[in-house]
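Since the structure comes first, as structure tokens, the remarks are kept for the end.
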Amino acid sequence: MNGLGGLLIVDKDGGWTSHDVVAKCRKLLRTKKIGHAGTLDPMATGVLVLGVERATKLLGLLTLTTKAYTATIRLGQATTTDDAEGEVLSTTPALHLVDTDIAAHTAKLTGDIEQVPATVSAIKVDGERAYARHRAGEDVQLAARPVTVSRFDILARRDIQDGAFVDLDVLVECSSGTYVRALARDLGAALGVGGHLTALRRTRVGPFTLEHARTLDELATAAESEASLLSLDMDEAVRTALPHREIDETQANDLRNGRWLDPIGLPGVYAAIDQEGRAIALLQESGKRAASVMVVRPSNL
């Protein structure tokens, strides 16, 4: 692997923490320079974005503000963690619920909403993760935060006679910081029966989907054959995730040596791509300068 690296998109199995996945991939790729762009709960499966080598510096600059999930919500039971791993707080028969009422309350949880995160979230409270305080027995109280749920669609309903539960398969598209577990909790509470999440699969992070992803078993098999493990090299990752401008050789040399370019009116962070399709730097405009926030290919590389 060259020193640039790239992105590794993992289809995470259930039961693995994001840290577990990073540790495994460090062994497979034989490098310590791997980081992740946001965690995924152990019970959840699906897309986990990892940066390798210089791409670890890229992670904080990528536009990964939207995510998509498929999930199963169980109506009729509330738990301490808002998912199936927590202790049961209450059980209430839910088979009487009609689809129109469920759809109406789902609609109220769509759009720009205020959401109280799950108590087992990774949000820090006085410097310590909320989930650590919860596991230590503390009564964790988190403030509501604005999030955007652009889609909250019910795909299927199954009535579970043993327990009088209603299971809903749902599709959720939302902003970063949205907790699907909290949507399950709030939907159940609004319907008066309680609710929690029994399954969660992340299908997309920003522009990266399950089509880009491989499981750890697939990566291990590829490593044995000495095939490339990267899902996207640095250039592919930058072109996929960011808007870009094309630059000539003189401009490329300026950026590689720490100089800035004239702005062209592009908002936010974008990439400067040379005539050969290589990412030279990531830029952000301010006033009369388009200055580097990351030089992908410095002059000494």
### Task
Note the direction-averaged projected area, equal to a quarter of the hull surface, for the Cα convex hull of region 1-115, in nm².
9.5
### Query
On the first, second and third principal axes, largest extent first, how far apart are the outermost C-alpha atoms of region 66-205 in Å?
43, 31, 23
### Query
Full extension from K288 to V116: what is 0.36 nm times the residue separation minus their Cα-Cα distance, to one decimal in nm?
57.7 nm
### Query
Where Rh is the Kirkwood radius over the Cα pairs of the chain, the temperature 25 °C and the viscosity 0.890 mPa s, what D in µm²/s does Stokes-Einstein return?
116
### Extended-chain gain in nm, criterion 0.36 nm per residue less alpha-carbon gap, T92 and R30
17.2 nm
### Task
Can you tell me the order of 37-48, 14-25 when each peptide is scored by its average per-residue count of other Cβ atoms within 10 angstrom, highest first?
37-48, 14-25
### Task
Residues in region 1-34, backbone N under 19 Å from the label point at E226 (7 Å along the Cα-to-beta-carbon vector): list them, ranges by number please.
1-3, 27-31
### Query
In vacuo Debye scattering of region 149-301, one point per C-alpha: log10 I(q)/I(0) at q = 0.17, 0.20 Å⁻¹?
-0.99, -1.15
## Note on the structure
In debye to the nearest 20, the charge dipole size for region 66-205, taken about the Cα centre with +1 at each Lys and Arg Cβ and -1 at each Asp and Glu Cβ, equals 460
#### Entry: Shape box of region 242-295 [Cα atoms, principal axes, largest first, Å]
27, 21, 17
### Query
Once you put a point 7 Å from the Cα of R245 and another 7 Å from the Cα of L171, both along the Cβ direction, what distance in nm separates them?
3.7
### Query
Which lysines does K288 reach when only Cα atoms under 27 Å apart count, and residues fewer than 8 places away in its own chain are ignored?
K57
### Query
Between Q141 and N257, what is the spin-label point distance in nm, taking each point 7 Å from the Cα along the Cα→C-beta axis?
6.1
### Message
With a cut-off of 8 Å between alpha carbons and a minimum separation of six or more residues, what is the relative contact order of the chain in percent?
### Response
22
### Candidate aspartates and glutamates - alpha carbon under 14 Å from K108, same-chain residues fewer than 8 apart omitted
D153, D186
#### Entry: Relative contact order (percent, whole number), region 242-295, Cα cutoff 8 Å, 6+ residue spacing
37
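Any read-out appearing in this document is the output of simple, stated calculations on the displayed coordinates, not a laboratory observation. Bear in mind that the values here come from a model prediction, so they are computed numbers and not experimental data. All Cβ positions, even for glycine, are placed from backbone atoms using ideal geometry, and neighbour counts span all protein chains on display.
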